[in-house]
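Reviewing the structure listed below.
The values are calculated or read from the model by the stated rules, or taken from the named source; none is laboratory data. The model shown is predicted, which means the values in this text are computed figures rather than measured ones. Don't worry about glycine lacking a Cβ; one is built from the backbone with ideal geometry, like all the others, and counts go over all protein chains shown. These accessible areas exclude ligands, DNA and RNA; they are computed on the full protein's heavy atoms, side chains included. Shrake-Rupley method; radii C 1.70, N 1.55, O 1.52, S 1.80 Å.
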Amino acid sequence: MSAHKDGQKTKERAIHPGSGRGRGRDFPKGRQVDPDALDEVRALLGDAERRRDLLIEFLHLIQDRYGCLHARHLAALAKEMRLALVEVYETASFYAHFDIVMDGESPPAPLTVRVCDSLTCEMMGAADLLARLPARLGASVRVLRAPCMGGCHRAPVVAIGHALHENATADSVAKAASTPHFHGEPVAHRDFDAYRADGGYRLLADCLSGARPMEQVLAALDESGLRGLGGAGFPTGRKWRMVRDQPAPRLMAVNGDEGEPGTFKDRHYLERDPHRVLEGMLIAVHAVGAPDVYFYLRDEYPHIRELLAAEIAKLEAAGLARNVRIHLRRGAGAYICGEESAMLESIEGKRGLPRHKPPYPAQVGLFGRPTLINNVETLYWVRDIVEEGAAWWASQGRRGHKGLRSFSVSGRVAEPGVKLAPAGITLAELIDEFCGGMAPGHRLRFYLPGGASGGILPAAMADIPLDFGTLEKHGCFIGSAAVIVLSDRDDPRLAALNLLRFFADESCGQCTPCRVGCEKAVELLGASKWDAPLLADLARVMGDASICGLGQAAMNPVKMVLQHFPEAVR
């Protein structure tokens, strides 16, 4: 052995007595667990099972209690759950709402204020808020930029802690931030008793008793033409049948992670009529024979999480969920978890990385089991379609299209909000008939028909029917029907740059085309003159080679600006 290595061994024995060869090891390898931290973690976890899939829930408990995730608590949690510390760390570091504090680092300020800088909020003054708030709020408040929070109709939006504060000004934020235990504005919803008094859960009872055969329910969904309203548009009845035909045990997951900039329709329905969603969910569970259902809700909606927890407890106490266990799961600030397979990974307590397909979740989903995944709004309409009849739903559209669409409309309109309108309506009709026209002093210049990834169209194309299958030939899609309206005071270049910054921030980083491509696009879009051939080539590579829809669709806004506004990019 060299003198250097021999000296190093001597040094190690001095640091860790008893670590020499043949004497055993007094100190285990790796980070030592602080006994006090272990006691603190155990107290927070209580009697909860130490299951791997509860890791994110446990991380939330620690973050909420201590304002951050100290390294000592991560080590203690890893020991308590019998996980490698790297497994805990890589999960915690993936999500934006977790703050990891290593030894020697200072914890974040006692209060965090997140300012949404997504497209609509930027149009309505988010940049000014971000510039003014740090000095206004002082060192005891941390101010961060953040992605869409689902309040685009009341932009600009901030989150104080996690509670939403909308139509924000520097003065209103300062006042709210100084309010102890700020929880946002209260929302009136139809509770369990009111819903039952209006005939709620009668359809579920009929399904459970056999008075309403499940084949009759499936036939109504098939005939109505109801499609997944989270964005993909897969026929709902067909999806239920696919999962139903898979071998047991089967599971269900509800996707309540609407993070697409411009989208807030699921929030709208959960705030006002949560039991209509829950009844649709329980009927779906019965249809596929799932013993467990996981309701995944984005962390930006803490008031809805509290509401759902209370209302789910009521329906369970009434015996309406006796054949199924309902698990309410909390996201942690990751747009990618709106992608169905990334959501499944997050429910399992992991980083929200999209899975390669096939197999599809209907075959191999949550915990490796066949899994039915439905969006919140899709489930909202199940009761109406079955009770009113498939013909009722199919007759609601215009121009031969079926059903109703819940358009999340924001931007330069007089009356933004969720607009329940016929499928197949045009943007011009939507603005005039449902939004009170354009905002005073604004003239329509361009619009996003399907959120950040749905593309951009000019005012000259405001007469296209808005529905599945009508926009694809124009390079766009309806998605979750998040309509953002921009005017002659807005710059399509800056709009595209805002959207690509969002995608660059929210890329999970798993695949190179998306991870590097989004960052490169932001760099190229920041130039005084756009390199159109290079951008087109980048869009082609990202669309062909990215694993999931984020990378595949991220360049849609850029392609549309190049096509429809060439004069703006020279």
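What fraction of the DSSP beta bridges in the chain is antiparallel, stated in percent and rounded to the nearest 5?
Bridges in the chain that DSSP calls antiparallel: roughly 40 percent.
Can you pick out the pairs among K239/K402; K265/K402; K350/K419; K239/K357; K419/K559; K79/K350 whose Cα atoms lie more than 26 Å from each other?
K350/K419; K419/K559
If you put +1 on each Lys and Arg Cβ and -1 on each Asp and Glu Cβ, how big is the dipole of the chain around its Cα centre, in Debye rounded to 20?
Value, rounded to 20: 1420 debye.
For L524, what charge total do you get from the other residues with a beta carbon under 11 Å from its beta carbon, if Lys and Arg give +1 and Asp and Glu give -1?
-2
Apply the Karplus curve 6.51 cos²θ - 1.76 cosθ + 1.60, θ = phi - 60°, to the phi angles in the stretch 372-384 and return the couplings in whole Hz, x for Gly and Pro.
These are the phi-based 3J(HN,Hα) values: 8, 10, 10, 6, 4, 5, 4, 5, 4, 8, 4, 4, 4 Hz.
Roughly what would the spin-label model give for R136 and D39, points 7 Å off Cα along C-beta, in nm?
4.4 nm
Measure out, as a whole number of angstrom, how far apart the alpha-carbon centroids of the stretch 300-352 and the stretch 389-405 sit.
30 Å
What does the charge add up to near M438, with Lys and Arg as +1, Asp and Glu as -1, over the other residues with Cβ less than 15 Å from its Cβ?
Once positives and negatives cancel, what remains is -1.
Quick check for me: using +1 on Lys/Arg Cβ and -1 on Asp/Glu Cβ, what's the dipole size of the stretch 158-299 about its Cα centre, in debye to the nearest 20?
Once rounded to the nearest 20, the dipole reads 360 debye.
Along Cα→Cβ, 7 Å out, is where each label goes; now give me the distance between the ones at H356 and T512 in nm to one decimal.
Placing both labels 7 Å along Cα→Cβ, they lie 1.5 nm apart.
Label 7 Å along Cα→Cβ of A310; the stretch 175-195 residues with amide nitrogen under 11 Å?
Label zone hits: 186-192.
Quick one: if the Förster radius is 25 Å, what FRET efficiency do A414 and D488 give, using the C-beta to C-beta distance and rounding to 0.05?
Efficiency, rounded to the nearest 0.05: 0.95.
Taking a temperature of 20 °C and a viscosity of 1.002 mPa s, what whole-number D in µm²/s does Stokes-Einstein yield for the stretch 438-565 with Rh from Kirkwood over alpha carbon pairs?
145 µm²/s
What does the charge count near N323 come to, summing +1 for each Lys or Arg and -1 for each Asp or Glu among other residues with Cβ under 12 Å from its Cβ?
Neighbourhood net charge equals 0.
What is the list of residues in the stretch 239-281 whose amide nitrogen lies under 19 Å from a point 7 angstrom out from the Cα of E223, following Cα to Cβ?
239-241
Can you list residues whose amide H is under 5 Å from M438's amide H, if they're 5+ apart or on another chain and H is modeled 1.01 Å from N?
Under 5 Å from the amide H of M438 lie the amide H atoms of A414, each far enough along the sequence or on another chain.
Could you please put M438, M124 in sequence from largest to smallest accessible area, using a 1.4 Å probe?
Descending accessible area places them as M124, M438.
Starting at the first residue of the stretch 203-213, write each ³J(HN,Hα) from the Karplus equation 6.51 cos²θ - 1.76 cosθ + 1.60 with θ = phi - 60°, in whole Hz, x for Gly and Pro.
5, 4, 4, 5, 5, 5, 7, x, 5, 10, x
If you wrap a convex hull around the alpha carbons of the chain, what volume per residue comes out, as a whole number of Å³?
Enclosed volume per residue, from the Cα hull, is 196 Å³.
What whole-number value in Å² describes the accessible area per residue of the chain for a 1.4 Å probe?
42 Å²
Considering only protein heavy atoms and a probe of 1.4 Å, how much of the accessible area of the chain is carbon and sulfur, as a whole percent?
Accessible surface attributable to carbon and sulfur in the chain totals 50 percent.
Residue by residue through the stretch 226-233, what is 3J(HN,Hα) from phi via Karplus (6.51 cos²θ - 1.76 cosθ + 1.60, θ = phi - 60°)? Round to whole Hz and write x for glycine and proline.
Going residue by residue, I get 4, 10, x, 9, x, x, 6, x Hz, with x marking Gly and Pro.
So in the chain, which Cys have no other cysteine's beta-carbon sitting under 4.7 angstrom from theirs?
Lacking a cysteine Cβ partner under 4.7 Å: C68, C148, C152, C207, C337, C435, C476, C508, C511, C514, C518, C548.
In percent, how large is the relative contact order of the chain, given Cα pairs closer than 8 Å and 6 or more residues apart?
This gives 12 percent for the chain.
Quick one: go through the stretch 385-428 and flag any residue whose amide nitrogen is under 18 Å from the point 7 Å out along the Cα-to-Cβ line of R238.
Answer for the stretch 385-428: 394, 401-403.
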